[in-house]
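Note sheet for the following structure.
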Amino acid sequence: MSSTPAAPHGIHEHQAKAPGYAGRKSDHLHRLGKIEGQIRGISRMVTDDRYCIDVLTQITAASRALQEVALGLLDDEVRGCVADAARTDPAQAEDKYTELNDTLRRALRL
């Protein structure tokens, strides 16, 4: 009797195929690399005792950049996975809608 290993937390069975962002993966990774550099820059600013307002300005810019990546991933999810499910499998479409709704609810709790 063989058993399938459990998926890591946050990974769902229906994610076996390529993710909805596969077509723009390199764009997302490029943006995330820039954000990573911004974060390192903010860390250096704090290390160098830079003016608080300048640090906060950079934190705001990095936060907005992350939000843009999130919106891009959301767009990919809706245009790809959710739309595909809606065309092919109403039950899966309902599951996708619920998953997306739950994710947005968590994300909007600031």
Pick out the one residue from Gly20, Gly37, Gly10, Gly72 that is in contact with a Cys (Cβ under 8 Å, 6 or more places away or on another chain) and either at pLDDT 95 or above or within 19 Å of Asp102 (Cα to Cα) (or both). Gly20
Looking only at segment 58-93, filter to residues that are polar (S, T, N, Q) and surrounded by 13 or more Cβ atoms within 10 Å (Cβ to Cβ); which one of those is nearest to Gly33 (Cα to Cα)? Gln58
For a quick check of your reading of the model, give me the residue pairs whose first member lies in segment 25-36 and is of a type in the set (D, E, K, R), whose second is surrounded by 11 or more Cβ atoms within 10 Å (Cβ to Cβ) and part of a helix (DSSP H, G or I), with beta-carbon atoms closer than 8 Å and at least 6 apart or on different chains. Asp27/Gly72; Arg31/Ala65; Arg31/Glu68; Arg31/Val69; Arg31/Gly72; Lys34/Ala65
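The values are calculated or read from the model by the stated rules, or taken from the named source; none is laboratory data. What you are looking at is a predicted structure, and each value in this text was computed from that prediction instead of being measured. Positions of Cβ are backbone-derived with ideal geometry, glycine not excepted, and every protein chain shown enters the neighbour counts.
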